[in-house]
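Since every read-out is calculated from the coordinates, none of them should be taken as a lab result. For clarity, every value in this text was computed on a predicted model and none was experimentally measured. Heads up, the Cβs are rebuilt from the backbone with ideal geometry, glycines too, and the neighbour counts pull from every protein chain shown.
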Amino acid sequence: MSRLNIFLLIVVLGCALSVVNATNQQRRLFVQLERAQSEERQLQQDYAQLQYEQSALSKTSRIEQVATASLKMQAVATGGTQYLTLAPGASVAAEAPIPVAVASAPAQGRAGRPAAKQPARASAAVPASVKSANRGGAR
């Protein structure tokens, strides 16, 4: 019977050690969970603060104020726009009249439906010398 008692004692000690190990592991995991939850709360607060700052910085009135004060920009006047045209093969651009929208009936496509409008495409690339012609601002 003493062998049985020794065997049972070893089994009980093994179970006790596994309970202690499981309890210790549970405590470590709980501490990690608390730290992660604390970090999550901090990140949520930071995110809310950043959203508030972004909304404050992206207001139209602030953007206009910074543009006029810091960058010395001015509002666009309708008469101050200059249009340039460049004939294919030409090296110098000439001023073009301001385009005027023409009201006309929509073209009929297939099955009597109005045809979809296609965006206008430039046929020639504009050289750098023409692009820089209007850098000085509107005349």
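Counting Cα-Cα pairs of the stretch 2-67 in 10 Å increments starting at 0 gives whole-percent bin shares of 17, 18, 15, 14, 12, 9, 7, 5, 3, 0. FRET efficiency for the pair Gln42 and Val12, taken as 1/(1 + (r/R0)^6) with r the Cβ-Cβ distance and R0 = 41 Å, rounds to 0.35. Remark: spin-label model distance Tyr52-Gln74 equals 3.9 nm, labels positioned 7 Å along the Cα→Cβ axis.
Residues in the stretch 69-81 carry Karplus couplings, in order, of 7, 7, 8, 6, 8, 10, 5, 6, 9, 4, x, x, 8 Hz; the curve used is 6.51 cos²θ - 1.76 cosθ + 1.60 with θ = phi - 60°, and Gly or Pro positions show x.
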